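Input: a single structure, listed below in structure tokens.
The values are calculated or read from the model by the stated rules, or taken from the named source; none is laboratory data. In this text the structure is predicted, and so the values were computed from the model without any measurement. Backbone-built Cβ (ideal geometry, glycine too); neighbour counts: all protein chains shown.
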Amino acid sequence: MSSLSQENNYAVTLIPEALLRDANAVVRNHIKEVSIIAVDKMLVYEKKVVTVLNKSGNIDAFIGESYDDYKKITKLSAKIYDAMGNQIKKYKSRNFEDESAVDGETLYSDSRLKYIDYTPVSYPYTLVFESEYKTSSTGFIPVWFPINGYYISVEKASYSLINPERIPWRSKEINFENFAIEKEKLGTGIQYTLQNEKALKYEDSSVSYRKILPILMATLNTFNLKGVHGSFTNWSEFGKWMYEKLLDGRNVLDASTHLKIKKLVKEVEDPMEKAKLIYEFVQNRTRYISVQVGIGGWEPIAANIVDDVGYGDCKGLTNYTKA
């Protein structure tokens, strides 16, 4: 994968004056390469060099990478440089903390995070973060945000999608029209590059930066999502895939539960009143608990299991209510 042949000079004095204006952080160089090896194999390499000018810029210097049972980190390192470009910290993969990447509402998940909790001793400083991971799940190709918010300028950011097997794919460019993004077709893919973009200053009543800054989204026509293969090119095909692969057969309930519900609404004619009674039945019988493992983030728990254990996540409880 791409890497710099030798260390650049990360002295802050080399940053163009225009990029320092209104900036809390400056992206010196951000490389993201996505290689589609097969329908069920993707390799993602990323190298980010960002100079943090003040405390407010720390949010743009996050050091971490998530992983799960379908995503394996193969490269992870970080280096910190002072204002003069001298290296002051170096972290190898074994130095990264490793913890669960879920909140208190999730009972269990295979999502984890490796990270460094770096506390700066002075400003400005420069972070060089490098990571690479491989995954069998190609349902979500990494999105490109060349500018990740207000008060951050970009010296250079690039995104490459390499597709040696020429698997059909499509993309959507959002908010590109006001930015000088270069687009170059590669032999088996495409590359986007943005350079020397000044920081955008937040003003009162400004909209979310996601509504005005560029975003690139890409997806494969044929993919693998957490072990489940799929294919679609429009919303109708996507809905059909979801029903046939993730929902079909998961709305079965025991006969005893059917009898309870029929008895509950037996004397009720108004559909709204029926819906209210069924909703209250579900509300009193179940509680929300999230279990996110593999395809579980997309596929609901079977209705009869929710009926038996008395809990489920949002889609599991919705599917149970529908059943």
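Worth pointing out:
- The set of residues in the range 157-181 that are out of contact with any Asp or Glu (no Cβ under 9 Å at 6 or more places or on another chain) and not hydrophobic (A, V, I, L, M, F, W, C) comprises N163, P164, E165, R166, P168, R170, S171, K172, E173, N175, E177, N178.
- Here the condition is being modelled with pLDDT of 95 or more, touching an Asp or Glu at 6+ places or on another chain (Cβ under 6 Å) and small (G, A, S); of A11, A25, it holds for A25 alone.
- Picking from residues in the range 108-138 that are more than 17 Å from D82 (Cα to Cα) and among the aliphatic types (A, V, I, L, M), the one that is surrounded by the most Cβ atoms within 10 Å (Cβ to Cβ) is I116.
- Screening the candidates V143, V154 for the property of being out of contact with any Ser or Thr (no Cβ under 7 Å at 6 or more places or on another chain), surrounded by 15 or more Cβ atoms within 10 Å (Cβ to Cβ) and within 25 Å of F62 (Cα to Cα) yields one hit, V154.
- The test for being closer than 30 Å to G139 by Cβ, among the aromatic types (F, W, Y) and in contact with a helix residue (DSSP H, G or I) (Cβ under 6 Å, 6 or more places away or on another chain) does not hold for Y288.
- Test: residue in the range 275-288 that is crowded, with 16+ Cβ neighbours inside 10 Å, in contact (Cβ under 8 Å) with a residue 12 or more places away in the chain and either outside any helix (DSSP H, G or I) or in the same structural domain as S137 (by TED's automatic domain parsing) (or both): yes
- Candidates are the residues of the range 189-204 that are surrounded by fewer than 19 Cβ atoms within 10 Å (Cβ to Cβ) and among the hydrophobic types (A, V, I, L, M, F, W, C); the one that is nearest to P164 (Cα to Cα) is I190.
- Residue tally, condition at pLDDT 95 or above, among the hydrophobic types (A, V, I, L, M, F, W, C) and in a strand (DSSP E or B), over the range 110-166: 9
- Here the range 167-219 is the region considered, the condition is being within 23 Å of G139 (Cα to Cα) and among the β-branched types (V, I, T), and the residue that is modelled with the lowest pLDDT is T188.
- Filter result for L53 (within 30 Å of L200 (Cα to Cα) and surrounded by 20 or more Cβ atoms within 10 Å (Cβ to Cβ)): yes
- As for the range 126-142, it holds at least one residue that is assigned by TED's automatic domain parsing to the domain that holds Y67 and farther than 28 Å from R210 by Cα.
- Selection status of Y67, part of a loop (DSSP other than H, G, I, E, B) and more than 30 Å from K185 (Cβ to Cβ): no
- Output for the range 226-267, where each listed residue is of a type in the set (S, T, N, Q) and more than 17 Å from N319 (Cα to Cα): S231, T233, N234, S236, S256
- Going through (1) closer than 30 Å to L220 by Cα; (2) in contact with a helix residue (DSSP H, G or I) (Cβ under 9 Å, 6 or more places away or on another chain) one by one, V252 falls short only on (1).
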